[in-house]
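Q: Quick one: this structure, given as structure tokens, is what I'll be asking you about.
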Amino acid sequence: MFHTTAWLEALRHTYGYEPFVLTTCAPGRELTNGLVFCRINSRLTGRRLVSLPFSDHCEPLVDTAKDLDQLLCALESHLTKHHWAYAEIRPASDCLEGQPGFGKAQVFWFHKVDLRPSLDELFRSFHKDCVQRKIRRAERENLRCEEGRSESLLKQFYHLLLLTRRRHQLPPHPLNWFRSLIGCLGDRIKIRVASKDGNPVASILTLCYKDVLVFKYGCSDARFSQCGGTQLLFWRAIQEAKESGLLEFDLGRSDRDNPGLVDFKDRWGSSRSTLTYWRNPAPDLKEFELGWTMRVAKQVLSHMPDGFLTATGKLIYRHIG
């Protein structure tokens with residue numbers, strides 16, 4: 001999904017990132033390999049190349065180790081020639097392990113669900129209390145589920161996203177980011193909303209590409225967490241994916257210091273692996289430690305009025321990538 005021109009166009013349209021590809025293929029020939037990046041020019045966070053911003057993972061598109069070596073060599077020359085601070089690559093595999101010049105930037109957990117078993121087998125693989133029972137509870141609660149890409153669903157999703165990000169003491173992505181995703185991805189993106197008595201209680205945003213369903217964003221109203229809205233939406237997404245013949249449910253990355261999210265994804269019968277982001281030149285890992293300034297900032301964010309919180313997200317996300 002994250003290699004598609006539609007995803008790159010959404011990044012360009014929202015944040016002004018300029019995408020480009022390094023390849024060994026001659027001009028005018030069909031691409032058979034490539035490293036796709038976005039150029040990020042920020043006075044706050046520096047000039048850098050990222051493959052790719054706001055993308056959970058982005059594998060180098062190569063068939064052989066020789067192709068990868070040639071592309072990484074070209075990347076190093078590009079960094080030096082154009083004075084970029086660094087390049088960051090986010091592969092789902094370990095293809096950059098031991099590559100000269102690269103060091104670990106960040107390490108996450110990565111979850112995915114194999115959708116090839118039957119629906120009954122999948123349901124039985126879910127955690128009995130935290131997933132199966134929650135789905136049945138949601139069905140007893142008669143939660144109403146809607147799906148699509150309408151402005152009404154987007155506003156319900158964004159309302160819940162704002163509640164969730166406030167709980168986590170973080171600003172939300174700008175609303176225009178989600179409008180850009182809908183405009184660029186079309187029927188490959190879907191918003192699902194669960195409501196109780198007319199009130200939205202949970203929502204998820206998924207992407208679909210080829211035989212993979214990708215969970216990208218999830219949010220909820222904590223007052224209704226016992227109703228099982230999120231679990232019901234996941235189950236409906238899985239049922240629909242099976243009907244469409246999809247083979248994998250990509251649950252995305254999780255911070256290792258977020259045990260609640262990690263446990264939630266573990267309980268869907270998913271497989272868990274390590275997802276490592278790599279940088280050239282190798283970073284000083286101290287820059288990723290959460291200092292007192294960040295803790296103070298998060299406290300301030302948690303008390304901001306909604307308008308200021310959304311404005312903060314609109315201001316800072318283009319500098320983060």
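Bear in mind these aren't lab numbers, they're just calculated from the coordinates by the rules spelled out. These figures come from a predicted structure and were not determined experimentally. Cβ coordinates were reconstructed from backbone atoms using ideal geometry, including for glycine residues, and neighbour counts include every protein chain displayed.
Q: So what's the gap between the Cα centers of the stretch 158-194 and the stretch 20-40, to the nearest angstrom?
A: 30
Q: Using a simple spin-label model with points 7 Å from Cα along the Cα→Cβ vector, what separation in nm is obtained for Cys145 and Val107?
A: 3.7
Q: On to the next question. How big is the Rg/Rh ratio for the chain, C-alpha atoms only, Rh by Kirkwood, two decimals?
A: A ratio of 0.97.
Q: Once phi is turned into θ = phi - 60°, what whole-Hz ³J(HN,Hα) does the Karplus curve with 6.51, -1.76 and 1.60 give for every residue of the stretch 230-246, x standing for Gly and Pro?
A: So the J values, rounded to whole Hz, are 5, 4, 5, 5, 4, 5, 4, 5, 5, 4, 5, 4, 4, 4, 8, x, 6.
Q: Something else about it: What does the charge add up to near Pro174, with Lys and Arg as +1, Asp and Glu as -1, over the other residues with Cβ less than 13 Å from its Cβ? All intermediate terms of the calculation are to be shown ahead of the outcome.
A: Numbers: positive: Arg165, Arg179, Lys314, Arg318; negative: none.
Summing Lys and Arg as +1 and Asp and Glu as -1 gives +4.
Q: In whole Hz and in residue order, list the ³J(HN,Hα) couplings for the stretch 120-127 that follow from phi through the Karplus curve 6.51 cos²θ - 1.76 cosθ + 1.60, θ = phi - 60°; x for Gly and Pro.
A: Working through the residues one at a time gives 4, 5, 4, 4, 5, 7, 6, 4 Hz.
Q: With the contact rule set at Cα under 8 Å and sequence spacing of 6 or more, what percent relative contact order holds for the chain?
A: 26
Q: Take Thr32 and Glu59, extend 7 Å from each Cα along the Cα→Cβ direction, and tell me the distance between the two endpoints in nm.
A: 1.9
Q: Still on this model: Cα axis of helix 65-82 to longest principal axis of the chain: angle in degrees, 0 to 90, nearest 10?
A: 70
Q: If I model a spin label as a point 7 Å beyond the Cα along the Cα-Cβ vector, how far apart are those points for Gln169 and Ser271 in nm?
A: 3.7
Q: Here's something else I'd like to know. Tell me the angle of helix 306-320 to the major Cα principal axis of the chain, expressed in degrees between 0 and 90 and rounded to the nearest ten.
A: Once rounded, one gets 30 degrees.
Q: Oh, and also: Kindly provide the Kirkwood hydrodynamic radius of the stretch 5-101 in Å, to one decimal, from all pairs of distinct alpha carbon atoms.
A: Result for the stretch 5-101, one decimal place: 14.1 Å.
Q: Still on this structure, please answer the following. Just Ala65, Ala202, Ala138 to compare: in a GNM of the chain, with alpha carbon springs under 10 Å, which one fluctuates most?
A: Maximum among the listed residues: Ala65.
Q: While we're looking at this one, here's another question. Taking the chain as the reference, fit the longest principal axis to its C-alpha atoms, fit the long axis of helix 175-185 to the helix C-alpha atoms, and give the angle between the two in degrees, 0 to 90, nearest 10.
A: The angle comes out near 80 degrees.
Q: Further, regarding this structure: Assuming a viscosity of 0.890 mPa s and a temperature of 25 °C, what translational diffusion coefficient in µm² per second does Stokes-Einstein assign to the stretch 45-202, Rh being the Kirkwood radius over Cα pairs?
A: 123
Q: Calculate one ³J(HN,Hα) per residue across the stretch 149-159 by plugging θ = phi - 60° into the Karplus curve 6.51 cos²θ - 1.76 cosθ + 1.60, and present them in order as whole Hz with x for glycine and proline.
A: 9, 6, 5, 5, 5, 4, 5, 5, 4, 5, 4
Q: While we're here: How big is D, in µm² s⁻¹, for the stretch 110-274 by Stokes-Einstein at 20 °C and 1.002 mPa s if Rh is the Kirkwood radius over C-alpha pairs? Before the final figure, lay out each step's value.
A: Numbers: Rh = 16.1 Å.
For these conditions, the coefficient is 133 µm²/s.
Q: If you average the C-alpha positions of the stretch 75-89 and of the stretch 206-237 separately, how far apart do those two centres end up, in angstrom?
A: 38
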